[in-house]
Structures are given as C-alpha cells and as structure tokens.
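Student: If you scroll down you'll find the structure; I have some questions about it.
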Amino acid sequence: MKRWLDRWNAWWFPGASTLPLAGARLVAVAAQLLWFGPNLPHHINLATHNSHFSDPQPLIRLLNHLLPRHVLFSATGMTAVWWVTAIAGWLALVGFRTRTALFIFTLGTWFFVSHGYSYADVHHREAPFALFLMALPFAPSGARLSLDALLRRRRGLMPELRSPLALWPLKFVHVLLTMTYLSTGISKLLAGGLAWMNGYTLQNYILSDAIERSIPLGVWVAQHYWLCVLLSIGTVLFELFYFLSLLLPRTAPFWFLGGVFFHIGLYYVAGHPFYQFILLNFILFLFLDPDRIPAWLQRLDAALLQPDRPREAPQPS
Amino acid sequence: MKPLMREPRTWISLAILTVIALHAVPLLSYQGYRQTRWPILVWAMYAKSYPPGPVETERRHLVGITRTARRVEITPWLAGVPLPAMGKKFVRPLLQGDSTRATELFHRLNQNRPDPVVEIRVEQERYAVSDTGLVVDTMPVVSYHTAPLTPR
C-alpha cells in the first residue's frame, strides 16, 4: 500500500518549479477572459426569453433552489455576475490575491457555461478546461509571475520557487484529455464498429456539418471518399492512442501538437469550435515539461524576482 | 509531520479520484444528448457509423412571414434558444406536425413586434454527393399560420 502511495505522490506531486504553473495560469486566464468569455447579451436573452430551464445543469439547479429565479436569471443579475467574474478574472491574470480571484473567476465561468447549457443544448468543449480552471486555485498558481509574488518580494519574503503542488493541475488536465479522447475513440468502435472508418461515415458527418455551417472546404472534403477513409482512420488512431502521451512522456509533445492540429483541422473542415482543446494541448506542450518553458517567460520571471535596489542611507543633518 | 488528512496532497488526491470516478456516472446512467451533469459528461459524440451508400444531408431553416408579407429569417436569437437547440425544440417538432411548438414560437417571435409574424415556414433542401458534384433538391415546405394552426 505504501509503495502505491509513494508512486502516486511521486507522479502527481513531484517537487517542481512553480514557473510552469504560473505560465499556464496566465495563458488559461487570458484566453478565458479575452477569447472564450461569456456573451452577456446572449445569456440575458436566454434568461429573459425562457421562463424555466429545460435541462438545468447541477450548478443551475443548486442556484435555482437557493435563490428566486429573478435574482440571478435576469438582466440585472446576469450583469452583476458578469462583472464580478470579469473583475476576478483580471485580478487572477495580474496575480493579486491570485488563488481567491481564480476561484471566483472559475465559479463565474462555470455559472455562465452551466446556464448556457440548461436550455436543451449541451456541448463538451468547455468541460476539461473548466475542470483545469477549478484546479488552479488549489495549487500555487500565484507564486510566480504575479503581483502577489512582487509584493512578497518587496516585503523581503522568499518567493515560492518550488512546490510539490506545482504540477498537479497540469497532470490532472492531461489525464482528463486522455480520458476524453479514449472515451470518444472507444465509443466510435463500440457504437459504430470498424465501419466508422469506412469513409462513408466521415463523409456524411462532414457534409452535414459543412452544409449547415456553410464551410466550402468541408463540402469539398466530403466529396472525396478516400480522403475521408484516411481522415477517419487517423481520427480513431489519435483518440485511441493519445494515452501513450501519459505512458511514454518523451512522445507527449508530439501528441500535444497532434491535438492542436487535430482540432484546428476539425474547425476548418466541419466548424467544430473546440478552441479549449486546442488551448489545453498547447498549454501542456509549453508547460508540462519544465525544460521547455519559453525564454521570454523566464526573463519576465527573473525581472519580477529581482531583489530591490538598496536604498540610500539617510544623511545626518 | 502533518497528519495525513491535513496534507493538501491528501485532499487533492481525493478530489482527483472523485472527478475521475464521477465520469462513470453518465456511462452507467446514460442520458442521451440531453445531459444534465456538466462538466461530467459522456463522450460519445459522432459515434454512429453509416453503411456504404448515398452521402446526403438535409438543411432546414425557419422563416417567418409577417402581416405585411415581409420575410424574416427566424434566428436562435429571435427564438430565444441556443443554435443547436433550434432543431430539437422547434424544427423537428414542427416537421412532425406539433402545432403547440408553433404556438410557442409565434408567441416568442411576436412579443414586441409591430408587424407580427403570421406564418412560420420550415424550408428544406437535400444535398447529395454524386459523381458530378453536389446535387441540391428543394423539398416541400411545412408551414403554420396563426389561425388555423394546422400544418400545410
């Protein structure tokens, strides 16, 4: 038992630099603030056009149980939550009261995603990213590249350069991505069998999405049978074997880059906006291996960690 | 040395195991496409396979005709639902003759409209891949009027 616990701790909680986690925080929070952030008019429109939730998600069920609907699910309520989330997000980005700001920001993000998916429409693209955001407050995400770190330095305190909790959010999202890819790959083989790779399957899926979303490239791809055979085999192999990135760490960068291009391809051919998956694979590519942190990030960190210049001693009058 | 249950690693480990284990719930209690356990979801999108045969799809859109004979594209915004829910909530039921959905849609569209929508049409095209390229066929329109509410 102890041997398994030691192995578990050695994998999930190795003593590691806190810089990769800080970099991941910057990229993830900036992306959620500036790219994926909730569309307030859309949420107000949903809340005011619908008198009830057709398929309430857990967070929405909880809030609906605790508060009258008009408190949060109104133009005023939605706007208030949006502003609190945005302010928390900016604080999390600059790294002031980082872990508290991250937690509030993540709760706000979860609120809007859950709300949008409570009207007979659920999608998968945000789920692993949302879980990653929720992991960040429970790790030393503000130890570096943050106002908190700068203020700590000004008070003469040592920055938290290393921590056994520094890598667990990145490993957690790596495991989640592996689970999602493996699950989709296995479900294709269980539900569709090897016929999933017969070319006709992908032709039909791509044609349906490309026509619906007016994507000429997708319409072109759907008309080429052998191309669709190759793409479908590639899709299933990628999903089924992504787990090798966990077992063979040296191959991980290639799987992460593969994930980035896989989802970019899905977007341009069929219009699937799995931006969060692109970002997560990119974050893992940049930050999971501490030896591959971008040089500009290390320079920024060094500048923030630089000790204050010594003050001149006051002259006697 | 801290007691085991006070170590952050212990709580984090329990949380990790809980999240991973929770992913079995939607598998054991399958909800289909109307999942209500976000962010814990079943990942079985696009799992169905198609047998060898014609590659074709249909495109449907909702159009409103107002009292002044103006044509209005019924967008998700106007209907008050997310885009992917338009099919489940309105398009498919309207094609199946569900006049109660038409009533609901008329109500949503005409809330603050000086020129009310008096007819809702489901327009459809079928696209099929052929040796000579993409073939497009226009299919019969299904329409609903504010009175009487029967499909035509």
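Student: Could you give the spread of the C-alpha atoms of the stretch B:55-145 along their three principal axes, from largest to smallest, in whole angstroms?
Tutor: Rounded to whole Å, the extents work out to 49, 26, 22 Å.
Student: Using a 10 Å cut-off around each Cβ, can you sort A:29, B:72 from fewest to most neighbouring Cβ atoms? List each step's numbers first, then the result.
Tutor: Details: A:29 27, B:72 16.
So the ranking, lowest neighbour count to highest, is B:72, A:29.
Student: In units of 2.2 N^0.38 Å, what is the alpha-carbon radius of gyration of chain A?
Tutor: Dividing the Cα radius of gyration by 2.2 N^0.38 Å gives 1.17.
Student: Related question: Can you give me the P(r) profile for the stretch A:1-107? Cα pairs, bins 10 angstrom wide beginning at 0, each as a whole percent.
Tutor: Going from the shortest bin to the longest, the percentages are 13, 31, 26, 18, 10, 2.
Student: What's the average, rounded to a whole number, of partner chain beta-carbon atoms within 10 Å of each residue's beta-carbon in A:201-212?
Tutor: 6
Student: Taking the Cβ-Cβ separation of residue A:244 and residue A:191 as r and a Förster radius of 22 Å, what is the calculated FRET efficiency to the nearest 0.05?
Tutor: 0.40
Student: Continuing with this model, one more query. If r is the Cβ-Cβ distance from residue B:33 to residue A:299 and R0 is 41 Å, what FRET efficiency results, to the nearest 0.05?
Tutor: 0.30
Student: If I take R0 = 25 Å and measure r between the Cβ atoms of residue B:67 and residue A:51 in this structure, what FRET efficiency does the formula 1/(1 + (r/R0)^6) give, to the nearest 0.05?
Tutor: On the way: r = 26 Å, r/R0 = 1.05.
Given R0 = 25 Å and the Cβ-Cβ separation, E is 0.45.
Student: Let me ask you something else. Can you divide the C-alpha Rg of the stretch A:110-156 by 2.2 N^0.38 Å and report the result to two decimal places?
Tutor: 1.75
Student: Now, a different point. Once you average over the residues of B:27-33, how many Cβ atoms of partner chains fall within 10 Å of each Cβ?
Tutor: If you average over the peptide's residues, the count of other-chain Cβ atoms is 1.
Student: With no solvent and one equal point scatterer per Cα, compute the Debye intensity ratio I(q)/I(0) for the stretch B:1-47 at 0.21, 0.22 Å⁻¹ and report its log10, rounded to two decimals.
Tutor: -0.72, -0.76
Student: At q = 0.10, 0.14, 0.15, 0.20 Å⁻¹, what log₁₀ I(q)/I(0) does a Debye calculation on the Cα points of the stretch A:67-197 give, no solvent, two decimals?
Tutor: -0.48, -0.80, -0.86, -1.14
Student: If you build the convex hull over the alpha carbons only and average its shadow over all orientations, what do you get for the stretch B:19-74? Give it in nm² to one decimal.
Tutor: It is 7.6 nm².
Student: May I ask for the distance between the Cα centers of the stretch A:282-305 and the stretch B:28-107, given as a whole number of Å?
Tutor: Comparing the Cα centres of the stretch A:282-305 and the stretch B:28-107, I get a distance of 45 Å.
Student: Report, in degrees rounded to the nearest 10, the 0 to 90 angle that the Cα long axis of helix B:99-109 makes with the longest principal axis of chain B.
Tutor: Here the helix axis deviates by roughly 90 degrees.
Student: Another question about this same structure. List, largest first, the extents of the alpha carbons of chain B along their principal axes, each in whole Å.
Tutor: Sorted from largest, the Cα extents of chain B read 80, 49, 23 Å.
Student: Moving on. Roughly how tilted is helix A:19-34, in degrees to the nearest 10 and between 0 and 90, from the longest Cα axis of chain A?
Tutor: The two axes meet at around 60 degrees.
Student: So, one more: With everything on Cα atoms, drop me the angle between helix A:75-94 and the longest principal axis of chain A, reported from 0 to 90° to the nearest 10.
Tutor: 60 degrees
Student: Could you check the simple spin-label distance between residue B:141 and residue A:35, using points 7 Å along Cα→Cβ, in nm with one decimal?
Tutor: About 4.3 nm separates the two model spin labels.
Student: Find the centroid of the Cα atoms in the stretch A:35-89 and in the stretch A:204-227, then give the distance between the two in whole Å.
Tutor: So the separation of the two Cα centres works out to 36 Å.
Student: Would you compute, from DSSP H runs of 4+ residues alone, the mean residue ellipticity of the protein assembly as shown at 222 nm, taking -39500 (n - 2.57) per run and dividing by the full residue count, rounded to the nearest 500?
Tutor: -16500 deg cm²/dmol
Student: Take the Cα of residue B:77, step 7 Å along the line toward its Cβ, and report every residue of the stretch B:109-140 whose backbone nitrogen sits under 17 Å from that point.
Tutor: Under 17 Å, as judged by backbone N against the label point of residue B:77, lie B:109-114 of the stretch B:109-140.
Student: Taking the Cα-to-Cβ direction at residue A:83 and at residue A:65 and moving 7 Å from each Cα, how far apart do the two end points lie in nm?
Tutor: 3.0 nm
Student: Among A:213, A:25, A:125, determine the one that fluctuates most according to a GNM of chain A built with springs between C-alpha atoms less than 10 Å apart.
Tutor: Largest GNM mean-square fluctuation: A:213.
Values in this text are rule-based calculations from the coordinates and carry no lab data. Just so it is clear, the model here is predicted, and its values are computed rather than measured. Please note: Cβ atoms are built from the backbone with ideal geometry, for glycine as well, and neighbour counts cover all protein chains shown.
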